[in-house]
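Colleague: Please read through the structure below; I'll follow up with questions.
Rule-based calculations on the coordinates, nothing more; no lab input. Source: prediction; values computed, not measured. Note that we place each Cβ from the backbone using ideal geometry, even for glycine, and neighbour counts take in every protein chain shown.
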Amino acid sequence: MTRQLNQTEIDAVFQKVKGPLSDSEGHPVPFDFRRPDRIAKSQVQAIRMLHESFVRNLGSSLSAYLRSYLTVNLISVEQLAYGEFLEGLAAPTYLVSLSLRPYDGSALIEMSPSLIFPIIEIILGGKGHAGANLKREVTEIEQSLLETLFRIILNDLKEAWKAVTPIDFKFQAVATEPQMLQILAPNEAVVSVSIEIRIGEISGTLNLAIPSINIKMIGSKFDQQWSLRKTEPTEAEQRRASTLIRDAEVRLEARLQGPKLRVRDLLDLKAGDLLELDYRLDRLLDCDINGTAKFQGRVVNSNQKKAFLIESMPEAR
């Protein structure tokens, strides 16, 4: 049965729902049309999944390079104006512009000073302890020391994006003041990826900004990549998987399951005692493959050896 809502019920529904265009008191919230979302939320989620893979690989790569235990965590993936991204960065800092070949445009990657100087100390053989709050620019010699570190970061980033499309992230320019790299208009949208890196008691952020318009250009490849993951495997893929696992080994067991006993009852057993298994003689036994029941049958003799005769193959167990 279907029933139409009357006007009173409709008004009651809307009074309970607070949409994104109103605050907690029901007042309208201004919308800035100069900051349109350039990509869909589904693509933002896909970018998050892509960079979750990136941070896992980056943790291993940096630990091996610095020979120090560190953790890498993805903090956020969001769209915001390029001007807002720059305002959220420390000054001075270490900021690098990156090419996105074969696509036009540039991206930015920034590492906070709270990480830069401890990492330089580790590279030079120190412990990387937290020192004074250094508010100075990175020198040219220190920049040379950081080149290998950032090559490792960009290589892992390139491998992560390869799942969607090949992008060659390359150094273009280095700056210490955020406002010195104006690769976009302040109101242009970027996808900001914020990553936390922790080395012992030291922690800081690695920030990446990719123009939303570049991601919009490869949007169809995002759709293809994630739609392929949702499709069912083809017959050819199933045959290939079957061929690959054909030589794998499995454990096959046929057991007569009985009741559970306490250890003290087991120790009290003596000759002549009768154990009741609560198992009918005509009941078929389960044949387990790697612990999962797959067949039913009986234990028989075959050429003076124990064997299992399959009498039933349940379709779903």
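Colleague: Show the residues, 5+ positions off or on another chain, whose built amide H is closer than 5 Å to the amide H of I218.
Modeller: HN-HN under 5 Å from I218: empty list.
Colleague: In nm, to one decimal, how far is the modelled label at M217 from the one at L309, with both set 7 Å along Cα→Cβ?
Modeller: Here the modelled spin labels are 7.2 nm apart.
Colleague: Something else now. Given charges of +1 on the Cβ of Lys and Arg and -1 on the Cβ of Asp and Glu, with all other atoms neutral, how large is the dipole of segment 41-230 about its Cα centre, in debye to the nearest 20?
Modeller: Numbers: 17 positive and 19 negative charges, 147 e Å.
Approximately 700 debye in magnitude.
Colleague: I've got another one for you. Select from segment 40-90 those trypsin sites (Lys or Arg not before Pro) which occupy a DSSP coil region and have at most 16 other Cβ atoms within 10 Å, ordered by residue number.
Modeller: Details: sites: K41, R48, R56, R67; in loops: R67.
Passing both the DSSP loop test and the Cβ count: R67.
Colleague: Could you calculate the FRET efficiency of D104 with E140 from 1/(1 + (r/R0)^6), where r is the beta carbon distance between them and R0 is 22 Å, rounded to 0.05?
Modeller: In this case the efficiency is close to 0.15.
Colleague: Can you list which of the trypsin sites (Lys or Arg not before Pro) found in segment 142-175 are DSSP loop residues with at most 13 other C-beta atoms within 10 Å?
Modeller: Details: sites: R151, K158, K162, K170; in loops: K162.
Within segment 142-175, the qualifying trypsin sites (Lys or Arg not before Pro) (loop, at most 13 other Cβ atoms within 10 Å) are K162.
Colleague: Give, as ranges by residue number, the residues of segment 134-161 whose backbone N falls under 16 Å from the point 7 Å along Cα→Cβ of I75.
Modeller: Hits in segment 134-161 for I75 at 16 Å: none.
Colleague: Using a basic spin-label model with each label point 7 Å from the Cα along Cα→Cβ, how many nm lie between Q179 and R251?
Modeller: 6.8 nm
Colleague: Once the Cβ-Cβ distance between K162 and R280 is put in as r, and R0 is 51 Å, what FRET efficiency do you end up with, to the nearest 0.05? Before the final figure, lay out the partial values.
Modeller: On the way: r = 59 Å, r/R0 = 1.16.
Working from the Cβ atoms, E equals 0.30.
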